[in-house]
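The values are calculated or read from the model by the stated rules, or taken from the named source; none is laboratory data. Worth saying up front: this structure is predicted, and the values here are computed from it rather than measured. We place every Cβ from the backbone using ideal geometry, glycine too, and count neighbours over all the protein chains shown. Quick note on the areas: whole protein, heavy atoms, side chains included, nothing else; ligands and nucleic acids left out. Shrake-Rupley method; radii C 1.70, N 1.55, O 1.52, S 1.80 Å.
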Amino acid sequence: MQVPDFSPAAERNKQAILDKLLQVLPETGHMLEIASGTGQHAVWFAQAMPLWTWQPTDHASNALCTIAARLAHHGLGNLKQPRLLDVMSEHWLADDAQNTQPLFDAVFCANMLHIAPWATCAALMRGASRHLHANGMLITYGPYLEDEVSTSPGNLAFIQSLREQNPSWGIRRREDLEQQAAAYALRLTQRHPMPANNLLLVWQRNP
């Protein structure tokens with residue numbers, strides 16, 4: 001079966017992210033991935049973490065077809081079929097047959113916040129808090145601005161490029177995310193520098 005669509009960026013960063021996930025996460029659990037895109041991360045992580053159940057999602061129906069094709073190609077038992085999920089929705093996974101709010105041990109979101117309106121940040125924090133077990137983790141990956149860290153030339157150019165594509169896009173300040181997280185009982189507990197001027201941030205849900 002031919003697997004459609006491919007993200008060079010996801011291919012480059014998947015191992016670096018996996019290395020951190022293996023450090024941060026317990027041996028077993030249930031993961032909800034937001035904005036899974038092509039599904040490359042989901043497949044790579046699920047292969048390396050066989051005791052984790054991975055639920056990929058995306059807001060675009062065509063992305064679900066791509067993810068489903070990639071899942072069928074790899075045939076991993078711990079990788080669930082992709083679900084439609086818009087972070088701006090009041091109720092995530094609302095088509096659940098039993099009308100329940102499924103809980104997860106962790107929520108993972110990579111490279112979404114800078115290519116979406118700022119309102120998606122609060123929506124991500126709100127939804128993640130609602131779907132996490134007590135002491136569960138929200139893990140976000142991507143470029144961030146920080147008050148006491150000089151912005152790299154590469155990220156400055158990236159900011160300009162993003163704004164040219166859509167004025168509502170942009171690299172977000174980590175401190176602004178912390179304020180949004182606090183409103184939904186999430187606190188930043190780990191900050192990991194990553195290649196290409198990215199960060200992996202771990203947000204813990206208060207019990």
inquiry  = Between LEU124, LEU188, LEU200, LEU162, which is under 20 Å from ILE34 (Cβ atoms) and in contact with a Cys (Cβ under 9 Å, 6 or more places away or on another chain)?
reply    = LEU124
Given (1) at pLDDT 95 or above; (2) open to solvent by less than 50 Å² (accessible area, probe 1.4 Å); (3) not hydrophobic (A, V, I, L, M, F, W, C), number of the condition THR189 does not satisfy = (2)
request  = Would you check which residues across region 121-150 are free of Cβ contacts under 8 Å to residues at least 12 places away in the same chain and not in a strand (DSSP E or B) and list them?
outcome  = GLU148, SER150
query = Tally time: how many residues in region 101-119 are open to solvent by 10 Å² or more (accessible area, probe 1.4 Å), modelled with pLDDT of 95 or more and not aliphatic (A, V, I, L, M)?
reply = 6
ask   = In region 154-184, which residues are touching a residue at least 40 places away in the same chain (Cβ under 8 Å) and open to solvent by less than 40 Å² (accessible area, probe 1.4 Å)?
value = ASN155, LEU162, GLY170, ILE171, ARG172, LEU177, ALA181
message = Exactly one of these conditions fails for PRO207: (1) at pLDDT 95 or above; (2) in a loop (DSSP other than H, G, I, E, B); (3) surrounded by fewer than 13 Cβ atoms within 10 Å (Cβ to Cβ). Give me its number.
response = (1)
